Amino acid sequence: MARIELRNVVKRYGSFTGVRRMDLDIADEEFLVLLGPSGCGKTTTMRMIAGLEEPSEGEVVIGGEVVNEVDARDRDVAMVFQGYALYPNMSIYENIRFPLRMRGIGKSDQDALIRRAAEMVELGDFLDRKPGALSGGQRQRAALARAVVRQPQVFLMDEPLSNLDAKLRSSMRVQIKHLQRQLRITTVYVTHDQIEAMTLADRIVIMEKGVIRQIGTPDEIYSDPADTFVAGFIGAPPMNLVEGKAENGRFTAPGLVAACPPDISGRITLGVRPEDCRVVTDGPAELAGAVYGVEPTGETTYLTLRTGETLFEVKAARDARFDLGAPVKICFDPERIYFFDTETGVRLRAQPQRSAA
Amino acid sequence: MEKRRKSKGDNLVLRYLVLGSWALFCLVPILWFLSIGFRPRTEIITPEPIYWPTFSLDAWRLLLADWPIFDYLRNSVVAVTGSVVIDLILGIPAAYSLTRYEYRGRDDIGFYILSTRMMAPAIVAIPIFFLFRNMGLLDSVWALMLIYAAVNLSIVVWIIRSYMLDIPKELEDAARTDGAGDLRILWEIIIPACLPGIITASVIAAIFAINEFLFTLLIASTKSAYTMSVALANFTGGSDGVIYNAIALVSFLAFLPILVLIVLIQKHLSRGLTMGAVKG
C-alpha cells in the first residue's frame, strides 16, 4: 500500500520524447487510469513506475522513497501485461508461485497463498494446467492471480483486457474493480478504451503525445473537459465539435447559431454531446440539417445530421425513425454547451454570471 | 491453405506416386548397403543377380574381431557430446546477449559470429594443426572436441538466437517485476521457453560434428582419436583386400546415430535451419 509520485519525469528515446515533464500524485489505495491513444506515453509512464524503464529526468517516488535507482525486482510492484506473460513452461500453480519463490517466501506459507489467490479469481480448478491449455479469459485471471498473490504495494496493469472479446471484457472489468477494492492496493491501469477508464477509475489521467491533458474523476472529465482533445476522446459517440465564429454573444457556423457568453469571440469551436441535443419539430432551434444516417442501437437511436461540411451526431428517442435527407431541427441543452479556442483547443469558460439562452 | 488441400484438382494417386518414388530413391542405397552388410562375402562379388540372399553375420564378426569399432565409436561420442556441451555453455548466453542487451556493435558481433561459418575450413587447417601440435594435443579426442565446438558455435548461437527472438519481451518484464534477476530469468524463463531451439541446435551441431572429416583427419592419426567418419574412410576391410560387406556394415553403423537424431528432431529441423529468417 503506497502513494506514488512522479516528479518532473521525462523520458527520451534518442531525439524522441516519449513523456515530457510529467507530475503526478497517486494517492494510497487509489485506482488511477492512464488513458490516451497509442503512442501517448501512457505505457512508458507505467513502465517507469515498474522500473522497467529508467526516466531520463525527474524522480519516481513510491511510498515516500525515491526509487529511480531501485531495480524492478526490488520494487514491491506487481504488473499485469497485455499479453498476460504467463510462463509457458510452468503450470498455473507454478506461475502463481513464481513471485513467492523469487521473494523467498517460506515453502510452508506458499501453498495457502497460492490457493487463496486462485480462489479470488475463480481459477482453483485449473491450477494443474499449463497456460497453453487455458482460454484467454482464464489466462488473464491467472495473470491477475500471479499479481495479487504476494500483496504488493502497487498494481500496474497494462491494457490487461485488450485481447479479450467484448463480453468477457466487461465481466473482467467488474472483477478487477472488485479485486482492487477488496485488496485496497494502489493501482495504475493503462488503457486506450475510454469505457474501461470511465468505469474503473477513481481518477483518469488523459495523455496525448507525452503530455497530460487533464486529470480528474470520470465525472469531471466527462462533464468538464479541459480541451477539445479530452472532449473528443471521452464519450461514445464522442462530443460534436463544430468550428465557427463568435461575436457579440452569438456563435455561428454553417447551419448552426447558438448563444455564447458575450466575452467569447473570434474563431471558436463549439462542443455539445449527442445526448445533450434534442430533436424539435418547430420553435427556435440551434441547428438545422439534413438526415445523413440513422443508427438504432436498441437502447436508443443515434441520428447523424449533415450541416454544411460537418457531420453532427444526436441521441434521439428510442423509436425515432427518419428518412434520409429529411430536414431536422436540433435544440441544445444550454447548460451543456462547451466553447473552445479553435487555435489551441483550450476550453473557454464562461464568466461567473453566465447568460443562459 | 485449407482450401488448396481440399480442391479436387489434387490427384492423390499421382501425389503418392511422386512421393513414393522419391522415398524409394532415398532409401534404396541405405537398404542396399544394409543388405550387403548382412550377406556372405562370396555373394557380393558374384556377377549373377541374387534374388534371395543368404543372411550372414560374417562381416559383423570380422569387424568385431579385427577392427576397434568401439574405440572409434567412443571417440565419436566423447568428442561430439563434449563439443555440443561446450557449444551450449557458450552459445546460450551469447545468443541471449545478442537478443536482449543493447550495446554498441551488437549486431556486428552477431554477424561476425555467423561469418566464421562462411570461411572454407581448409583455410585454417594448417594454423590449427600447428596450434594443436604446440599444445601437445595432436591425436587427442579433446582436440577434436574443441575443434567441433568452435566450428559449430556460430550455428548454435544463431539457431538459439532465432528462437529467443520469438520469446515476448513481456515474459522477461513479468519475471523481473516478480523479483527475478538476470541469471534466474535466463535459467527459469528463457531456457525452458526456447528449449525446442536448444534441442534443434544441439542435434544439428551433433550431426555436423559426427560428419566432420577434414579436421579429424588432420588431428587424428591412431585409434586413440579416430572417429567413425575418418575410420570409415580409411577402412578397406583389413589385410585381405577390399571387403565390401564389412564396409557396408561400417557405413550403416556410422549412419545410424544420425538417423536417430534426425528422427528425434524432424519436427523442428526445418524451422531450425531457416534460422528465424521467416517469421510466422
If I filter region A:66-79 for residues that are within 14 Å of chain B (Cβ to nearest Cβ), open to solvent by 40 Å² or more (accessible area, probe 1.4 Å) and either touching a residue at least 60 places away in the same chain (Cβ under 8 Å) or of a type in the set (A, V, I, L, M, F, W, C) (or both), do I get at least one hit? yes
Being open to solvent by 30 Å² or more (accessible area, probe 1.4 Å) and under 17 Å from the mean Cα position of the chain (by Cα) is the requirement here; does B:L137 meet it? no
All conditions in (1) within 26 Å of B:D166 (Cα to Cα); (2) part of a loop (DSSP other than H, G, I, E, B); (3) of a type in the set (S, T, N, Q) are true of A:Q151 except (1)
Say we look at region A:98-113 and pick out the residues that are within 13 Å of chain B (Cβ to nearest Cβ) and free of Cβ contacts under 8 Å to residues at least 12 places away in the same chain; which of these is surrounded by the most Cβ atoms within 10 Å (Cβ to Cβ)? A:R101
Scan region A:61-93 for residues that are closer than 14 Å to B:L171 by Cβ and over 26 Å from the mean Cα position of the chain (by Cα) and jot them down. A:Y87, A:P88, A:N89, A:M90
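Here's the yes/no breakdown for (1) open to solvent by less than 70 Å² (accessible area, probe 1.4 Å); (2) more than 10 Å from chain B (Cβ to nearest Cβ); (3) among the β-branched types (V, I, T); (4) under 28 Å from A:T199 (Cβ atoms):
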residue	(1), (2), (3), (4)
A:F31	yes, yes, no, yes
A:P37	yes, yes, no, yes
A:C40	yes, yes, no, yes
A:E57	yes, yes, no, no
A:F81	yes, no, no, yes
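Condition check ((1) buried (at least 19 other Cβ atoms within 10 Å of the Cβ); (2) more than 19 Å from the chain's Cα centre (by Cα); (3) aliphatic (A, V, I, L, M); (4) assigned to a helix (DSSP H, G or I)) across all residues:
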residue: B:L24; (1), (2), (3), (4): no, yes, yes, yes
residue: B:I44; (1), (2), (3), (4): no, yes, yes, yes
residue: B:Y51; (1), (2), (3), (4): no, yes, no, no
residue: B:T54; (1), (2), (3), (4): no, yes, no, no
residue: B:D71; (1), (2), (3), (4): no, yes, no, yes
residue: B:V84; (1), (2), (3), (4): yes, no, yes, yes
residue: B:L88; (1), (2), (3), (4): yes, no, yes, yes
residue: B:P93; (1), (2), (3), (4): no, yes, no, yes
Out of the residues in region B:101-118 that are more than 20 Å from the chain's Cα centre (by Cα) and not in a loop (DSSP other than H, G, I, E, B), state the one that is surrounded by the most Cβ atoms within 10 Å (Cβ to Cβ). B:G110
Out of region A:154-170, which residues are surrounded by fewer than 18 Cβ atoms within 10 Å (Cβ to Cβ) and of a type outside the set (D, E, K, R)? A:S162, A:N163, A:A166, A:L168, A:S170
I'd like the full set of residues that are loosely packed, with under 14 Cβ neighbours inside 10 Å and either under 14 Å from A:A253 (Cβ atoms) or more than 30 Å from the chain's Cα centre (by Cα) (or both), limited to region A:321-345. A:R321, A:D323, A:L324, A:G325, A:A326, A:P327
Consider A:L179 carefully, then state whether it is in a loop (DSSP other than H, G, I, E, B) and away from chain B (no Cβ under 14 Å). no
Go through region A:83-97 and give me each residue that's within 7 Å of chain B (Cβ to nearest Cβ) and either β-branched (V, I, T) or surrounded by fewer than 24 Cβ atoms within 10 Å (Cβ to Cβ) (or both). A:G83, A:Y87, A:P88, A:N89
Of these, B:L144, B:L165, B:L98, which one is away from every other protein chain (no Cβ under 14 Å), open to solvent by 20 Å² or more (accessible area, probe 1.4 Å), touching a residue at least 24 places away in the same chain (Cβ under 8 Å) and touching a helix residue (DSSP H, G or I) at 6+ places or on another chain (Cβ under 8 Å)? B:L165
Here are some residues: A:R141, A:R116, A:R146, A:R129. Which one is touching a helix residue (DSSP H, G or I) at 6+ places or on another chain (Cβ under 6 Å), more than 12 Å from chain B (Cβ to nearest Cβ) and either assigned to a helix (DSSP H, G or I) or more than 25 Å from A:M46 (Cβ to Cβ) (or both)? A:R129
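This table checks each residue for (1) under 31 Å from the mean Cα position of the chain (by Cα); (2) open to solvent by less than 40 Å² (accessible area, probe 1.4 Å); (3) farther than 15 Å from A:G345 by Cβ.
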{"residue": "A:A201", "(1), (2), (3)": "yes, yes, yes"}
{"residue": "A:I204", "(1), (2), (3)": "yes, yes, yes"}
{"residue": "A:E208", "(1), (2), (3)": "yes, yes, no"}
{"residue": "A:G235", "(1), (2), (3)": "yes, yes, yes"}
{"residue": "A:P274", "(1), (2), (3)": "yes, yes, yes"}
{"residue": "A:D282", "(1), (2), (3)": "no, no, yes"}
{"residue": "A:V291", "(1), (2), (3)": "no, yes, yes"}
{"residue": "A:V294", "(1), (2), (3)": "yes, no, yes"}
{"residue": "A:E299", "(1), (2), (3)": "yes, no, yes"}
Residue count for region B:188-223, restricted to those that are open to solvent by 30 Å² or more (accessible area, probe 1.4 Å), within 14 Å of the chain's Cα centre (by Cα) and within 14 Å of chain A (Cβ to nearest Cβ): 1
When you go through (1) outside any helix (DSSP H, G or I); (2) within 14 Å of chain A (Cβ to nearest Cβ) one by one for B:G136, which number turns out not to apply? (2)
Can you tell me which of (1) over 30 Å from the mean Cα position of the chain (by Cα); (2) modelled with pLDDT of 90 or more; (3) open to solvent by 60 Å² or more (accessible area, probe 1.4 Å) is the one A:F251 doesn't meet? (3)
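The values are calculated or read from the model by the stated rules, or taken from the named source; none is laboratory data. These numbers were taken from a predicted model, which means no experiment stands behind them. Using ideal geometry, Cβ is built from the backbone for each residue, glycine included, and neighbour counts are taken over all protein chains shown. Each accessible area value is taken on the protein alone, full model and side chains, heavy atoms only, with ligands, DNA and RNA left out. Shrake-Rupley method; radii C 1.70, N 1.55, O 1.52, S 1.80 Å.
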